[in-house]
Ligand code: F6R
């Protein structure tokens, strides 16, 4: 049932090209002229009227929401708040006349996310759910649903659910931006072609596995590590840190690279492993200057950038190269080496990878 893989997590990491392909299937017009999310009841008039979006989720799904915010704000120009469900449900959120609430939940059964969904509905607001489980509570109770076709995810640590949640958010963001006239046909075509290339590109990223397996040996005796990046890279860094914590039990912190010098740099000492994401060309130089800061304190840095950008080798100890894609889509590729790193670190430490201590796959308690 693990298809020849030693753990479900590794199998699910390798299923991402298929999961991404399945989640895109039928949702891009053949001539790349538009997004087809025909399952939505949301009509164009409502999409045009939306004046605020609240994205609500937990854990990895919340991290997907952070990427969603960047995408929706930059394409569709709608302000987006991303909230942790267990926080959101206990305060009194402010709604504008046309707030759209998006809940993201792989299982569709997470207690805090469902409670938030129900409270929002009770207040007469419209809820769109992004979920991986047909027939789940979130799927049944939301007004609109985008199913991610990742297939069953068995390992507690979420991998292919995250990448497919990003696909759903890209499709929705592009669709809203197009309907609202914020992006033109040419940009839509460029983005949709970029999405269409992702299954192939994710396949290629999986080839970095041996490099990460080697690097992960550094974590056998390390208790602390940092993931740094800016903008979208920072959101992916947060997901990388969570993954490493939950299955390898190593303390990991994600930091906005430009914020390090405001305190956290004090923790960077000789030999501390730092994972530095530099996948965004417009912020590349800024990120490199932050990498130089951690290198100066003796950090051992694994950098990540796009193929062809050998410049990074001048600054870091090792580089992971990602296939070239549109910068906005890079998170889908950048997260995969981080999943592999967490996986191999956990294996190297002899942990129960698929069933980490203290954690459950579906958190149905508050
Ligand atoms: C981490 C992980 C959790 C879940 C979180 C939400 O690898 O899997 O952080 O993302 O418990 O679960 P769903 O998406 O089912 O609501």
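Where a number appears in this text, it was derived from the coordinates with a stated rule and is not lab data. Values in this document were obtained by computation on a predicted structure and should not be read as measured data. Using ideal geometry, Cβ is built from the backbone for each residue, glycine included, and neighbour counts are taken over all protein chains shown.
Where a ≥ b ≥ c are the square roots of the eigenvalues of the C-alpha gyration tensor, would you call region 13-68 rounded, which needs a/c under 1.5, or, failing that, prolate if a/b is larger than b/c, or oblate?
Oblate.
Pairwise Cα distances in region 1-111 exceed 21 Å for 53 percent of all pairs.
What shape does region 271-366 have by the C-alpha gyration tensor, where a ≥ b ≥ c are the square roots of the eigenvalues, rounded means a/c under 1.5, and otherwise prolate means a/b greater than b/c and oblate the rest? Here region 271-366 falls in the prolate category.
What is the Cα radius of gyration of the chain over 2.2 N^0.38 Å, N being its residue count? Against the compact-globule rule of thumb, the ratio is 0.95.
Each part gets one Cα centre, and for region 256-273 versus region 100-166 those centres are 35 Å apart.
Shown is the FRET efficiency for residue 193 and residue 292, computed with R0 = 30 Å from the Cβ-Cβ distance and rounded to the nearest 0.05: 0.25.
Find, to one decimal place in angstroms, the Kirkwood hydrodynamic radius of region 125-166, where the mean of 1/r is taken over every pair of different Cα atoms and then inverted.
Computed over Cα pairs of region 125-166, the Kirkwood hydrodynamic radius comes out at 10.8 Å.
The modelled label-to-label distance between residue 74 and residue 217, using points 7 Å beyond Cα along the C-beta direction, is 3.7 nm. Placing one equal scatterer on every Cα of region 89-195 and applying the Debye formula, the log10 ratio I(q)/I(0) at q = 0.10, 0.11, 0.17, 0.18 Å⁻¹ is -0.34, -0.40, -0.88, -0.95. Extending 7 Å from the Cα toward the beta-carbon at both residue 96 and residue 317 defines two label points whose distance is 4.7 nm. Distance between the 7 Å Cα→Cβ label points at residue 134 and residue 204: 3.3 nm.
Ranked highest first by average number of other Cβ atoms within 10 Å, how do 332-338, 279-285, 121-127 line up?
Top of the packing list down: 332-338, 279-285, 121-127.
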